[in-house]
Each structure stands twice: as C-alpha cells, then as structure tokens.
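Written out below as structure tokens is the structure these notes cover.
The values are calculated or read from the model by the stated rules, or taken from the named source; none is laboratory data. Treat the numbers as computed from the prediction; the structure is a model and nothing was measured. Methodologically, a virtual Cβ is constructed for each residue, glycine included, from the backbone with ideal geometry; neighbour enumeration extends over all protein chains shown.
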Amino acid sequence: MKLFSQINIVPKWIIFLLDLGICLFSLFIAYFLRYNFDLNSIQPAEFGRNVIIISVINIMVFLNVKTYSGIIRYTSAQDTFRVLYAVIATNGIFFFINMAVLALKGDPYISNIVLVINGLTSFLFLITYRVLIKYFFMYIKNLTLDKRKVIIYGAGEAGLATKRTFDHDGKVNKTIIAFVDDDERKVGKTIDGVKIIAGEKLEQLISDHQVDEIIFASYTIPVERKNQIVDICLENDIMVLNIPPADVWSRSKLHTRQIQNINIEDLLNRKTIQIDIEGIQNQLKGKRILITGAAGSIGSEIVRQLIKFETSLIILCDQSETSLHHIYLELEETYSNTNFHAFVGDVKDEKRMDHLFETYKPHYVYHAAAYKHVPLMEDNPAEAVKTNVWGTKTIADLSVKHGVQKFVMISTDKAVNPTNVMGASKRIAEIYVQSLNNSLHKPNFIFSNGLSYINDLDVKPITRFITTRFGNVLGSNGSVIPRFKQQIEKGGPITVTHPEITRYFMTIPEACRLVLEAGCMGAGGEIFIFDMGKSVKIVELAKKMIRLAGLIPNQEIKIQFTGLRPGEKLFEELLNDSENTMPTHHEKIMIGKVREYVFSEIESQIYTLLDHARKNDDRNVVMTMKALVREYKSKNSVFEELDHTPSIK
C-alpha cells in the first residue's frame, strides 16, 4: 500500500495521449456498433481518413479546453463538464465538416449515426477511466490501518466541501465515517457514499465507532446545541474542529490547514443581534463621524460597522500611531471607496482636539478612548483620571462648542459600584456627560470657566449625550481569552485570580452593533445597559479551553490561582443596587435609571480632581474620586484605607 501512496502525479502529456487514444478507440467502437459488429462493412480508407480528421480535431479541442490539466485522482464535477464540452465540440466540428462537404455536392466523410455513437461512447470512456482511477486511490488511501475516524457535523454544502477537501489531500490520515445533521429530511441519505445520521444518535455513533474527531461544518447550528455537542465530545476525549467562516474560503478553495480546533469564542457567541439598519442609516448617511480610540478593539470595530452606512467622512482619532496605521491600512485595502481620515492625537490635548473639531466638524462622536486595564490604573490613578475623565470632558465640551449632534460614550460594567480606580474614573465620566446633557438646555448655559457657548460663540447647545454600558468583550485587548491561549501554547500554567470569579462576555461586533443602535435611539441623558446574558465562571472557561486544545486540565496544563488583583471584583454588575432599568424597543437594550447630579457642582469637583491629577497626587486623586462617587469602595487595594478618611486635602 505504501507503494501506491508514493505514486507521483502523472504528467499532463501522458493524460493528453491517453485521452486521445480513448477517443480513437471510441471511434472504432462507434463504427463497430454502427455496422452491427461486421468488420467487413468498415472501409479501411474511410476509417483511416476519419481517424486522422478526428485526431486533429481532438488535439485542437483538448489543447483549447485543457482536459488533460486536471489531476485524475481528484476528478471533480468541473473536470466532468470540461470533458463533456470537449466531446460535444469535437463531434460538432466534425458534423459541420460533413455539412460543408454536402453543400459542395460531395459525399459526407462520416455517418451522423457514427458521430452520435462516438460522442456517447467517448464521453463514457473518458469519464469512466477517470472515476475508476479516483476511486482506486481513495480505496488505497482508506486501507491505512491507523486512520483517524472523523464525523462531519452538517450535511450541507459546507459539509460536502469539507469531505472532499480531505479526499483531495493525500497527506491527511483521516476517514469520514458519517455525516451528522439535525435536519430530519437529510437523515438516512448518503453524500459521496457516506451516510447521514440523526443528531440525536451522536452519542451512540461515538460509542460504536470510537470516533477521534468531530468537525463542525455548518453555520446554522445554535450555540446551545454546539455547546452540548462539545461537552459530549470532551467527555469522550474527542477533538473538536471547526471550518473557517464562509467568507474566508468561499473566495478560494477550502484547505485542510484551515480546519482547526474550535475556538472558545464560538461557544460563547449568541444569536446574531438584529438592529434597526434603516433607522441607523437614516441618521448616519452623509454625516461626518469622529471615533476616538479608533485603533482599539471596540473603536476599530465601530469604524468597520459605520462604513456600511454611507457616511460622508469617518475620522479615526487615536494616540497609538502603530495601531492607528494598521486599521488605516485595513480600511484602504477593504473599503477603498469610503472617505476616512486618520488623525493622531491625544484626547487630553485640548488644543489638538479643538483643531480636529474645527477642521472636520463632526456631526456624531463615538468616544471609545479610555484606559481600561484595572491593575495598571490602580497603580496609576492620575493617568486614569487624565484620560478617562479629563479626556472625556475635553471631547464632550468640544462637542458642545462645535455643535455636534450626538455624543455616544462607551462605558463599562466596572463603573457600577466601582471597586477600583478604572471603574470609578469611568463612572465620573458617565456622571459628567449625563449632567452636562441635562444642563445644556437651560437658558444662557455657561461653563464655570466663563465660556458661554450661546452668547459668546453663538452655538446652540444641541448635543445629545448618550452612554452605553457593557461588560467584557471577547477577543478585546483586555480579555482573558487571548491571555489563556498564550499560556496554553506555552504549556501552562493558566493563571486565574480566584476559583469563584465570574465575568459577562459579549463579542466585539455584537457590542458595537448595540452601541450603534443605542446611539440611534438615544434622545440624550440616557445610560443604556446591554443584556450580557449569563455570567461565565472563569475557571470553567479555562478548563474548557484546555480540553479544546486536546489537553487535560491540571495534568498536562496546570491551573494556578493567583489571588484577586488590586481593585478586582469577584463578579461584575451592570446596575447600582439603588438603580433599576426601563425596557426599550430592543430586547437587548435597557435604560438605566440612575441618580442625577447638578452639573455646576460636578464640574467644580472635577476641576479639583483634575488639579490633583496634573500634580500626580495619587492619594488626593483617589480621595476626590471617592467623594464624587460615594459607592466607590476599594477592594484588595492600597486605597482601602481612604474609605474611612473623612476629609479631602
């Protein structure tokens, strides 16, 4: 068997000669059948002439159609159509030669009956020898004793493409023992000789055949069902694989190297969220839109989704030059017809940001720029305040000054009952934009710095401020999942802070769709809360990721508990204990009913906070934050002692 597996691909010229020889043999059979197996009725001169003519025609057609170019052992439907076209063309040309001779009052070179028989037999012989060779090599390949037994879950086009991908790769040591599908209409039928089994019989199938792998080859399997299947597979030590997204391989042929271990993200995803495309389109079409933090995971995805709404201009603002360059290049390659501009700048730099607003005059602002890593901000409170509070205040004030229509702020669940500097800084930013919104429509609205945007600058306070609040997003720069993947690749250990810690998870595209929807429906002053689904226990997440990598938790990959980090909670909340929510027309979006603040008082306290931040006085920064956000109680932090300090210096 090893001898056959080492047979090289036959050169094209041999296939060419073999096809030509079969076509000449087919012509002989056609004559033989036409004259009722009487060889004496065949005139040698006529037959010889016609052999030369059909050989010349076949050579020209084969060179043009390239029937010899396909690899015989991988014959496909495309090869079959190529052969059919060549046969029709060859006999059609000969038929027109006959017609021309008849038109010139001559005798036809060949009987039309012979041409018909020749067409049928040549097509039959050309296809038959290809199929026989294909199945011969498949048979030899399947005789290997140590082949891995594979189930393909999904008996649709993707499932068939997956099977044929393995059939065409001689280096793959797998055999497809069954298709499994939940569609009862397909159960009991076969695809390429492989039977389709009902999904409910999966466990029995696994038990009877000692399955090694299962491949998800369908894009319509509900996440709940997919999780059930994965749990069954992990209990039976079966490797779970996944085909790539349809848009990855639909542009080209699927390759076996693209079929990889299933990602944990695929098991945490939820149903695609439907948003009001028409409503968002009506609001955003033709508008100039600014995205701060546009190079980050959330900001960049907002950019990608905004492009679909025929905006006039998208301004990508970020201080990270390299990351901004990457998203800019991506947009140039993918959306070359869209008008966008990359603007390098820090949201804390008021003059630079004022230049941005003055130059591009955005209608909408999506404010995603923020510091978000909890332990780092716990060690650097002044920097957290400078970016998350001062940066937000700067962009919000300039939005009012320059007549921005809507300002959508991206917040976090860590702003609820904050236990860390980062969460508290985001809560203060929420308070500022909400109180600013509620004060904008007062007559002669004046900032405490003396600027009256109505009287001095003749700009109406039209800006509507909207806040969106959600938890962790899968695959973001701050997510645990990329960290766990790196640790597994290194052989472990996986580090989890606490055995009981839980988190909410949402995909980046899902979160950004809801941001756009909330921004569209917001009238100003709302804090929109997103339905994050069920919280996930991080240690169970780690164990499942280890199993999906084909390893055993706490044996091949250790799980270490390192203790809660400074400011870290065991579980996140989306609403303060004293808050409640109101539903909206979107089932995944609620409006949080939160305590309102007097803008003039908040602005004064924030100026005090910023003064401490500019001096890098971390202690007084945190004390002022606690005075601003009464529910802010530090946990596992050096700032816990300040919860009992009554005064602020």
Item to check | Residue check, Ile214 closer than 21 Å to Gly550 by Cβ and modelled with pLDDT of 80 or more | outcome: yes
Next on the checklist: Residues that are of a type in the set (Lys, Arg), at pLDDT 80 or above and farther than 30 Å from Pro499 by Cα: does segment 619-632 have at least one?
Outcome noted: yes
Item to check | Qualifying strands (runs of 3 or more DSSP E) (wholly inside segment 237-346; at least 2 residues being surrounded by fewer than 17 Cβ atoms within 10 Å (Cβ to Cβ), at pLDDT below 80 and assigned by TED's automatic domain parsing to the domain that holds Arg148) | outcome: none
Checklist entry - Name the pairs: first residue in segment 622-635 and of a type in the set (Val, Ile, Thr), second residue surrounded by fewer than 17 Cβ atoms within 10 Å (Cβ to Cβ) and not in a loop (DSSP other than H, G, I, E, B), Cβ to Cβ under 8 Å, at least 6 apart or on different chains? => result Thr624/Thr608
Next on the checklist: Given (1) in contact with a helix residue (DSSP H, G or I) (Cβ under 8 Å, 6 or more places away or on another chain); (2) under 24 Å from Thr581 (Cα atoms); (3) surrounded by 19 or more Cβ atoms within 10 Å (Cβ to Cβ), identify the lone condition not met by Leu514.
Outcome noted: (1)
Checklist entry - Does Asp643 satisfy being part of a helix (DSSP H, G or I) and modelled with pLDDT under 85? => result yes
Item to check | In segment 375-386, residue modelled with the lowest pLDDT [restricted to those that are surrounded by fewer than 24 Cβ atoms within 10 Å (Cβ to Cβ) and of a type outside the set (Asp, Glu)] | outcome: Pro375
Item to check | Members of segment 541-568 found to be in a helix (DSSP H, G or I) and small (Gly, Ala, Ser), listed by number | outcome: Ala542
Checklist entry - If you check Ile72, Ile14, which single one turns out to be hydrophobic (A, V, I, L, M, F, W, C), closer than 19 Å to Arg130 by Cα, at pLDDT below 70 and in the same structural domain as Ser122 (by TED's automatic domain parsing)? => result Ile72
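Yes or no, residue by residue, for (1) surrounded by fewer than 20 Cβ atoms within 10 Å (Cβ to Cβ); (2) in the same structural domain as Tyr597 (by TED's automatic domain parsing); (3) modelled with pLDDT of 75 or more:
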residue	(1), (2), (3)
Ala369	no, yes, yes
Gly391	no, yes, yes
Gly423	no, yes, yes
Ile431	no, yes, yes
Ile446	yes, yes, no
Lys460	yes, yes, no
Asn472	no, yes, no
Asn477	yes, yes, no
